[in-house]
Structure formats: C-alpha cells, structure tokens
Amino acid sequence: MDGMAKTGTTTQGLRAAIERSGYYPALVAEAVEAAIGGEPIGSYLVHQETTFDANEVRRHVTVLVLTGNRFIVSHTDEQAADSTSPTPYATTSTESVKIGRISSVVVSRVVANPEKYVPGSLPREVVLTIGWGAVARIDIEPAACGDPNCEADHGYTGSSTADDLSLRVSEAGDGPDAVRQTLAFAQALSEATADTAR
C-alpha cells in the first residue's frame with residue numbers, strides 16, 4: 001500500500017499520481033482536470049482508501065488540489081449494481097472552494113512513545129480535517145447546573161464544528177510516504193490560508 005497518497009506541484013505529476021492509484025484513472029483525471037481548468041497547481045494529494053462493507057469491498061479515491069486561488073476536492077466512489085443500475089458504477093464529484101473560504105485546517109498526529117519523540121519523526125497516523133462551511137456538525141445536549149438536586153429546565157447547550165472533509169492516513173495502512181505527503185499538503189494548505197488572511 002506504500003505510496004497510495006501522492007503530493008506534488010505539476011499537472012503531469014498529478015496525472016501520474018492518479019494513474020498510479022489505479023482507481024479508474026481516466027474518469028478521475030478528467031473530472032479533476034476539468035475542475036482545475038488552466039490554473040497552475042500549487043500542491044496536490046491523491047489518496048485511495050479501501051473499506052469493507054458487509055460482504056463487499058469498496059474503493060474510494062480522494063484528490064485534493066491547491067491552486068493559487070482555489071482548493072479543489074474530488075471524490076470517486078464505486079457502487080455495486082443495485083435497483084437503479086443493473087451494472088456496477090462509479091460516482092465522481094468535484095467541489096471548488098475559494099481559498100479565503102477555508103475556515104480551518106486541522107492536523108491531528110498520533111505519535112507512538114511520545115516520551116521518546118524526536119523532532120522531525122513521522123507520526124504513525126495523521127488525520128487531516130478541513131472546514132469551509134459547507135457541512136457543519138452540531139452536538140446538542142441538555143444543559144445542567146452544579147446543583148445535583150436541581151430539577152429546573154436549563155435548556156440546551158451545544159457546539160458547532162466545521163467538518164467538511166476528514167482524511168485519515170496511517171503509516172501501517174498507507175505507508176510512511178503517504179503520511180509525509182499528507183503533512184506536506186496540509187502545510188501548503190495552511191500557508192495558503194494564512195496568505196489570504198493578510
């Protein structure tokens with residue numbers, strides 16, 4: 001599985017990474033390239049994920065592209081034949097987001113033996129979460145006061161979290177290059193959002 005996530009900065013490199021993923025490369029490349037248009041690529045990440053759903057194996061590929069002005073997200077999923085289609089099919093979607101709309105870039109790192117951590121060491125797992133306001137999760141629960149005997153209704157309390165995209169990459173499942181490349185893309189995206197905030 002080593003090398004399933006790829007990052008780089010050229011159109012040819014992006015096309016090669018999509019082809020190396022082996023996941024319907026002509027379909028994925030056409031959708032992504034149409035979304036990019038003529039803009040130069042600043043950075044990209046191609047990540048293929050395989051999941052097991054009951055008795056089926058499903059594959060999914062996510063392509064993230066950073067241009068000078070936009071963040072492009074492409075998802076391609078394969079589906080088994082069902083009541084709507086007598087043959088297996090794939091669904092590809094692309095979303096183009098202006099860099100200035102990105103509200104958060106969260107990088108969660110899982111590090112083994114943190115007491116022995118050496119700066120620059122690769123985490124064993126990275127979760128990249130990017131929010132731009134298309135999807136928000138709201139967690140609500142009953143509010144309470146400090147009095148354990150209080151029976152009054154204190155209403156509700158909650159929190160809202162932007163959670164448009166979450167991508168998990170692990171050294172064991174995807175290889176160290178995939179973890180490294182995910183961190184590189186996250187840094188490029190964080191820097192791009194910092195530039196638009198000035």
> Could you say whether any residue in the range 47-56 is at pLDDT 90 or above and either closer than 16 Å to LEU165 by Cβ or of a type in the set (D, E, K, R) (or both)?
Replying inline: yes
> Restricting the range 97-130 to residues that are more than 14 Å from the chain's Cα centre (by Cα) and hydroxyl-bearing (Ser, Thr, Tyr), which is farthest from THR67 (Cα to Cα)?
Replying inline: TYR117
> Restricted to the range 123-141, and to residues that are assigned to a loop (DSSP other than H, G, I, E, B) and at pLDDT 95 or above, which residue is least open to solvent (accessible area, probe 1.4 Å)?
Replying inline: PRO123
>> Please go through the range 33-81 and give me each residue that is touching a Phe, Trp or Tyr at 6+ places or on another chain (Cβ under 9 Å), more than 22 Å from ALA186 (Cα to Cα) and either of a type in the set (Asp, Glu) or touching a residue at least 60 places away in the same chain (Cβ under 8 Å) (or both), ordered by number.
In response: GLU78
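Might you check whether a residue that is surrounded by 11 or more Cβ atoms within 10 Å (Cβ to Cβ) and either part of a strand (DSSP E or B) or touching a strand residue (DSSP E or B) at 6+ places or on another chain (Cβ under 9 Å) (or both) occurs anywhere in the range 148-156?
Scanning the range 148-156, I find no residue that is surrounded by 11 or more Cβ atoms within 10 Å (Cβ to Cβ) and either part of a strand (DSSP E or B) or touching a strand residue (DSSP E or B) at 6+ places or on another chain (Cβ under 9 Å) (or both), so the answer is no.
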> Of the residues in the range 76-94, how many are in contact with a strand residue (DSSP E or B) (Cβ under 7 Å, 6 or more places away or on another chain) and either among the hydroxyl-bearing types (Ser, Thr, Tyr) or at pLDDT 95 or above (or both)?
Replying inline: 6
>> Being among the hydrophobic types (A, V, I, L, M, F, W, C), surrounded by fewer than 13 Cβ atoms within 10 Å (Cβ to Cβ) and not in a strand (DSSP E or B) is the requirement here; does ALA35 meet it?
In response: no
> Given the conditions (1) without any contact (Cβ under 8 Å) to a residue 40 or more places away in the chain; (2) over 26 Å from GLY173 (Cα atoms), which single one is not true for ALA26?
Replying inline: (2)
> Considering only residues of the range 1-12 that are surrounded by 15 or more Cβ atoms within 10 Å (Cβ to Cβ) and either modelled with pLDDT of 90 or more or β-branched (Val, Ile, Thr) (or both), which is farthest from ALA172 (Cα to Cα)?
Replying inline: THR11
> Are any residues in the range 68-115 assigned to a loop (DSSP other than H, G, I, E, B) and open to solvent by 60 Å² or more (accessible area, probe 1.4 Å), and if so, which ones?
Replying inline: GLY68, ASN69, SER83, THR84, PRO86, THR87, PRO88, SER103, ASN113
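The values are calculated or read from the model by the stated rules, or taken from the named source; none is laboratory data. Quick caveat, the model's predicted, so the values are computed rather than measured. Neighbour counts are summed over all protein chains in view; Cβ atoms, including those assigned to glycine, are modelled from backbone coordinates with ideal geometry. Surface areas here come from the heavy atoms of the whole protein model, side chains and all, with no ligands, DNA or RNA. Shrake-Rupley method; radii C 1.70, N 1.55, O 1.52, S 1.80 Å.
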